[in-house]
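What follows is a single structure, written as structure tokens, with notes after it.
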Amino acid sequence: MSIVRILVDGYSLLHHWPEIAPGKPRHSFYARDALVSILTQYQDACGTPISVIFDGGGAPAGTPKTETVKNGIEVLFSKKGQTADQVIERVAHLMKPYGEVIAVTNDYAERETVISLGGSACSCENFILMINESLNEMENLLKSSNQSQFRKYKKNTQ
């Protein structure tokens, strides 16, 4: 079965990726925005839709309360009294008829729950490696393509 969506526990990933928004609090707008930016690049490279879910109940004032789509990434905030894990479980269950989802979290129990619902799970560390490999590969392909096009241009203009 094909992967239809990647579900990311936003704060779990942010807490395990200190290179994103260094020096900024993990629950800040800046850290969330930087994460969404990187996830957008990854989604563009892999072609699989991504939803990032943040715990909304304990979020600081000014945190959006509803779903938004930013640069093609679905950004969700759980409601007060609800966790990102509960949202991920619900979406994994609802998506089951359409294909497999991958949950990205370092919460072992959450990964096991998603697997029991027919999905897959990935630790934050492994997902970070996947993102970095994919983005490096895309950068190398672009560099190679640009060099090739430049050589053709130079040859045609001489």
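Electrostatic tally near GLN158: other residues with Cβ closer than 15 Å to its Cβ, Lys and Arg +1, Asp and Glu -1, net +4. Placing unit charges on the Cβ atoms of the charged side chains and taking the dipole of the chain about its Cα centre, the candidate lying farthest along the positive direction among GLY47, SER148, ALA34 is SER148. Residue-wise HN-Hα couplings along the stretch 142-150, as the Karplus relation 6.51 cos²θ - 1.76 cosθ + 1.60 with θ = phi - 60° gives them from phi, are 5, 4, 5, 5, 4, 5, 4, 5, 5 Hz; Gly and Pro carry x. Net charge in the neighbourhood of HIS27 (other residues with Cβ under 14 Å of its Cβ; Lys, Arg +1, Asp, Glu -1) is 0. Antiparallel DSSP bridges in the stretch 3-157: what percent, to the nearest 5? Counting DSSP beta bridges with both partners in the stretch 3-157, the antiparallel share is about 15 percent.
If only the Cβ of Lys and Arg carry +1 and only the Cβ of Asp and Glu carry -1, the dipole of the chain around its Cα centre is close to 740 debye.
For the chain, the ratio of Cα radius of gyration to the globular rule of thumb 2.2 N^0.38 Å stands at 1.20.
Listed values for the stretch 97-111 are Karplus-derived 3J(HN,Hα) couplings in whole Hz (6.51 cos²θ - 1.76 cosθ + 1.60, θ = phi - 60°), namely x, 9, x, 8, 10, 10, 9, 10, 6, 9, 7, 4, 4, 5, 4, and x replaces Gly and Pro.
Estimated from helices alone, the mean residue ellipticity of the chain at 222 nm is -16500 deg cm²/dmol (sum of -39500 (n - 2.57) over DSSP H runs with n ≥ 4, per residue). Across the stretch 13-27, coupling constants 3J(HN,Hα) worked out from phi with the 6.51/-1.76/1.60 Karplus curve, θ = phi - 60°, read 5, 4, 5, 9, 9, x, 5, 7, 6, x, x, 9, x, 5, 9 Hz, and Gly and Pro carry x.
No lab work stands behind these numbers, since they all come straight from the coordinates. Note that the structure is a prediction, hence the values are computed from the model and not measured. Virtual Cβ from ideal backbone geometry, glycine too; neighbours counted across all protein chains shown.
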